[in-house]
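Written out below as structure tokens is the structure these notes cover.
The values are calculated or read from the model by the stated rules, or taken from the named source; none is laboratory data. In this text, all values refer to a predicted model and were calculated from it rather than measured experimentally. Backbone-built Cβ (ideal geometry, glycine too); neighbour counts: all protein chains shown.
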């Protein structure tokens, strides 16, 4: 099994960066097919908690543009 993974990895590394990104997206999406009701409930609670903190002024928001700019700078 490990040799098959290594073979696939070597092939994937031959792809250009756009193709690799698309492959990664497909692989990650394939993991999300398995629904976990408990995880979903916990994420909803976390999102609600964060929203309430934002509404009460305990935290400040950032624009999506800034968030993506910061994330992009961290992966370079």
Problem set entry | From the options 32, 48, residue that is out of contact with any helix residue (DSSP H, G or I) (no Cβ under 6 Å at 6 or more places or on another chain), without any contact (Cβ under 8 Å) to a residue 12 or more places away in the chain and under 30 Å from residue 8 (Cα atoms) | 32
Exercise. Given the structure, is residue 18 surrounded by fewer than 10 Cβ atoms within 10 Å (Cβ to Cβ), part of a helix (DSSP H, G or I) and modelled with pLDDT under 95?
Worked result: yes
